[in-house]
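S.K.: Quick one: the structure is below, and I'll ask about it shortly.
The values are calculated or read from the model by the stated rules, or taken from the named source; none is laboratory data. Quick caveat, the model's predicted, so the values are computed rather than measured. Every residue, glycine as well, gets a Cβ built from its backbone with ideal geometry; the counts of neighbours run over all protein chains shown. In case anyone asks, the SASA skips ligands and DNA or RNA and just uses the protein heavy atoms, side chains included. Shrake-Rupley method; radii C 1.70, N 1.55, O 1.52, S 1.80 Å.
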Amino acid sequence: MIDSRNFSFANSGDKIASMVVHGVSALGLIVMVFILWFLFAEGIPVLKSVTIGDIFRSSDWYPAEEPPALGMFAIISGTLIVTLLSSLIALPVSYLFAIFTAEIAPSWLRNILKPMLELLGFLPSIVLGFLGMVVVAPWMQGSFEILTGLNLLNASIFLGIMILPIVGSLVEEALSSIPEELRYASFALGATKWETISKVVFPAALPGILSASLLGIMRSMGETMVVLMVAGGAAIIPDSIFDPIRPLTSTIAAEMGETPVGSAHYHALFFAGLLLFLITLALNMLSAWIESKGKIAQQ
Amino acid sequence: MLNINKHSSNDTKIQIETKDLSLYYGQDKVIKNISFNIYERMVTALIGPSGCGKSSYLRCLNRMNDFIQEARTEGEITINGSNIYDKATDVIELRRKIGMVFQKPNPFPMSIYENVAYAPRLFGVKDREKLDEIVKSSLEGAALWDEVYGKLKTPGTGLSGGQQQRLCIARAIATEPDILLMDEPTSALDPLSTLRIEELIRELKKKFTVVIVTHNMQQAARISDYTAFFLLGDLVEYNVTNKMFTSPDDRRTEDYITGRFG
């Protein structure tokens, strides 16, 4: 009697747990679908006022004029360029940091460096933006004799600082997860430490490193506060790294509050959001694909 | 103490001469003043219960204990006429002359070809034909060529456990070392794979001096020419394998071999 009661209780416990898990994951999926649907529903109507060719080809972003000019070329390039430059700054630094922490540093130093890096990741982006605005921008303007210290380079540096902890600690984990036996095998064959890292450990961790990098790039692309404060906000295609830019994110953040609901400008901002979403979705899928390829290669 | 020269005859040359070697891990003395000679192109088995120091001794021979922060050695190991614990020793060069095979097969996550070509490439072999040749002869030497020649580009990690271990042997002999160290190379393998590796070891000793750590007494009896019995960091007995397994000099050896402890 007791046994069978326990048994059925255990069974229903399983059922409840499985229902909860399925329910929660279904909820996540539903929210996702709604966001996508909402972005499309609010973004696509912009095509009533402007052609898709104009959006992607024209750099004229004067949304408050009548009729509004909604060319996003400069804004889209702003996003792509600042993402590229910040990645160029942050990714090599992250790799070197991770290699040093995981492979070279003695354990006491590792125990200091890892938490420090994670702490950097806890810095609110507005604090970084503030630093860029009141410390780096005036200094840059003064020492390079440029028009404004709020520019592409400044924004890229601070975006880089933002993604450094993410990429750094994920790459560090990817390197640490490579079994010690592989390192010993390499050392026993007469390889130096550096040869072992560059020829065995790094290649073996490559799928993890690539997906960490893509995660950092996505983060850099989606970041709003730093670029809103530090990038300068001019919707132009930059000629140099000292020119101000205006990425998609800060455009949405700065203008959404001031635009009438349902106007062409309003729809254009949602369209910008839709673009961001699609780009990050593509990067995400790329990263998942790389990871699955890495798993197959390791089997 | 042991008479070091007892077993040397005219046709056997000393390959590794260990003199009064001690190894410490921090305060622990894990190898206690051992001295003996390992002979060229012989299979020498190191046996003894867990924690007796046999694996630690093996790692002294290619200085893999250098990676253990607390490890410290005293005494001498002379290989090819020079003390490997001398300050002037080039550890990289030393490890190139001494191949090592580990307990668990540990092929690199690269193709079979790249696994074997790894060390030759490190030492500057760039010529494709030369590499092809080295890969082929090493895989043949490890009795793996016939099974993999059609799939050299596939991952080494895709092979079976026994094949992986033979790949690791091929990788270790690709630099044409003098000595091959094996740390319980069959302990993770099934009986058939173990048998193949044992056959292979008998082949390998024609070209290399093999030092093998094993937990398996029958294995030591089957494949080795000399056997060293370690106990609690001491070298209790070192003898010709036949003698060791039929009429050991030391009471403790007999007890261990007959399974009374360990």
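S.K.: For B:LEU235, indicate whether it is open to solvent by 10 Å² or more (accessible area, probe 1.4 Å) and touching a Gly at 6+ places or on another chain (Cβ under 8 Å). Before you say what the answer is, go through the steps one by one.
M.R.: Details: open to solvent by 10 Å² or more (accessible area, probe 1.4 Å): yes; touching a Gly at 6+ places or on another chain (Cβ under 8 Å): no.
No, not satisfied.
S.K.: Does B:PRO120 qualify as being assigned to a loop (DSSP other than H, G, I, E, B) and within 14 Å of chain A (Cβ to nearest Cβ)? Reasoning before the result, please.
M.R.: On the way: assigned to a loop (DSSP other than H, G, I, E, B): no; within 14 Å of chain A (Cβ to nearest Cβ): yes.
No; evaluated as a whole, the condition is false for this residue.
S.K.: Still on this model: Which one is surrounded by the fewest Cβ atoms within 10 Å (Cβ to Cβ) among residues in region B:81-101 that are touching a strand residue (DSSP E or B) at 6+ places or on another chain (Cβ under 6 Å) and within 14 Å of chain A (Cβ to nearest Cβ)?
M.R.: B:ILE84
S.K.: Could you look through region A:125-149, keep only residues that are in contact (Cβ under 8 Å) with a residue 40 or more places away in the chain, out of contact with any Phe, Trp or Tyr (no Cβ under 7 Å at 6 or more places or on another chain) and assigned to a loop (DSSP other than H, G, I, E, B), and pick out the one that is most open to solvent (accessible area, probe 1.4 Å)?
M.R.: Per the criteria, the residue is A:LEU147.
S.K.: Moving on. Would you pick out the residues in region B:18-32 that are closer than 13 Å to B:LEU235 by Cβ and open to solvent by 70 Å² or more (accessible area, probe 1.4 Å)?
M.R.: Of all residues in region B:18-32, those closer than 13 Å to B:LEU235 by Cβ come to B:18-23, B:30-32.
The answer is B:LYS19, B:ASP20, B:LYS32.
S.K.: State whether one or more residues within region A:162-173 are in contact with a helix residue (DSSP H, G or I) (Cβ under 9 Å, 6 or more places away or on another chain) and within 14 Å of chain B (Cβ to nearest Cβ).
M.R.: As a first pass, look at region A:162-173 and keep what is in contact with a helix residue (DSSP H, G or I) (Cβ under 9 Å, 6 or more places away or on another chain): A:162-173.
Next cut, within 14 Å of chain B (Cβ to nearest Cβ) only: none.
No, that holds for no residue.
S.K.: Looking at region A:50-71, is at least one residue among the hydrophobic types (A, V, I, L, M, F, W, C), without any contact (Cβ under 8 Å) to a residue 40 or more places away in the chain and part of a loop (DSSP other than H, G, I, E, B)? Walk me through it before giving the result.
M.R.: Residues of region A:50-71 among the hydrophobic types (A, V, I, L, M, F, W, C): A:50, A:52, A:55-56, A:61, A:64, A:69-70.
From what's left, without any contact (Cβ under 8 Å) to a residue 40 or more places away in the chain: A:52, A:56, A:69.
Subset that is part of a loop (DSSP other than H, G, I, E, B): none.
No; the residues of region A:50-71 include none that is among the hydrophobic types (A, V, I, L, M, F, W, C), without any contact (Cβ under 8 Å) to a residue 40 or more places away in the chain and part of a loop (DSSP other than H, G, I, E, B).
S.K.: Any residue at all in region B:47-55 that's farther than 30 Å from B:GLY259 by Cβ, away from chain A (no Cβ under 14 Å), open to solvent by less than 70 Å² (accessible area, probe 1.4 Å) and not in a loop (DSSP other than H, G, I, E, B)? If you could, list the steps in order and put the result at the bottom.
M.R.: To start, the set of residues in region B:47-55 that are farther than 30 Å from B:GLY259 by Cβ comprises none.
No, that holds for no residue.
S.K.: When you scan region A:162-193, how many residues do you find that are open to solvent by 30 Å² or more (accessible area, probe 1.4 Å) and farther than 30 Å from A:ARG219 by Cβ?
M.R.: Residues in region A:162-193 being open to solvent by 30 Å² or more (accessible area, probe 1.4 Å) and farther than 30 Å from A:ARG219 by Cβ: 5 in total.
S.K.: Name every residue in region B:151-209 that is of a type in the set (Lys, Arg) and under 21 Å from B:ALA220 (Cα atoms), in order of residue number.
M.R.: Here is the first cut: in region B:151-209, the residues of a type in the set (Lys, Arg) are B:151, B:153, B:166, B:171, B:196, B:202, B:205-207.
Answer for region B:151-209, where residues must be of a type in the set (Lys, Arg) and under 21 Å from B:ALA220 (Cα atoms): B:ARG166, B:ARG196, B:ARG202, B:LYS205, B:LYS206, B:LYS207.
S.K.: Would you mind stating whether B:ALA221 is in contact with a helix residue (DSSP H, G or I) (Cβ under 9 Å, 6 or more places away or on another chain), farther than 28 Å from B:MET110 by Cβ and open to solvent by 30 Å² or more (accessible area, probe 1.4 Å)? Spell out the reasoning first.
M.R.: Details: in contact with a helix residue (DSSP H, G or I) (Cβ under 9 Å, 6 or more places away or on another chain): yes; farther than 28 Å from B:MET110 by Cβ: yes; open to solvent by 30 Å² or more (accessible area, probe 1.4 Å): yes.
Yes, satisfied.
S.K.: Which one is surrounded by the most Cβ atoms within 10 Å (Cβ to Cβ), of the residues in region A:260-286 that are touching a residue at least 60 places away in the same chain (Cβ under 8 Å) and over 18 Å from A:PHE38 (Cα atoms)?
M.R.: The qualifying residue surrounded by the most Cβ atoms within 10 Å (Cβ to Cβ) is A:LEU283.
S.K.: May I pose another question? Against the conditions (1) farther than 19 Å from A:ILE279 by Cβ; (2) more than 23 Å from the chain's Cα centre (by Cα), where does A:VAL46 fall short? Just the number, please.
M.R.: It is condition (1) that A:VAL46 fails.
S.K.: Scan region B:133-150 residue by residue and report those that are of a type in the set (A, V, I, L, M) and part of a helix (DSSP H, G or I). So that I can check it myself, show each step before the final result.
M.R.: Quick first cut of region B:133-150, residues of a type in the set (A, V, I, L, M) only: B:134-135, B:139, B:142-144, B:148.
If the condition is that a residue be of a type in the set (A, V, I, L, M) and part of a helix (DSSP H, G or I), then B:ILE134, B:VAL135, B:LEU139, B:VAL148 are the ones that fit.
S.K.: Let me ask something else. Only residues that are assigned to a helix (DSSP H, G or I), out of contact with any Asp or Glu (no Cβ under 6 Å at 6 or more places or on another chain) and more than 23 Å from A:SER156 (Cα to Cα): list them for region A:100-124, please. It would help to see each step written out before you state the result.
M.R.: In the first step, residues of region A:100-124 are kept if they are assigned to a helix (DSSP H, G or I); the result is A:100-104, A:107-122.
Filter once more, so that each one left must be out of contact with any Asp or Glu (no Cβ under 6 Å at 6 or more places or on another chain): A:100, A:103-104, A:107-122.
Of everything in region A:100-124, those that are assigned to a helix (DSSP H, G or I), out of contact with any Asp or Glu (no Cβ under 6 Å at 6 or more places or on another chain) and more than 23 Å from A:SER156 (Cα to Cα) turn out to be A:PHE100, A:GLU103, A:ILE104, A:SER107, A:TRP108, A:LEU109, A:ARG110, A:ASN111, A:ILE112, A:LEU113, A:LYS114, A:PRO115.
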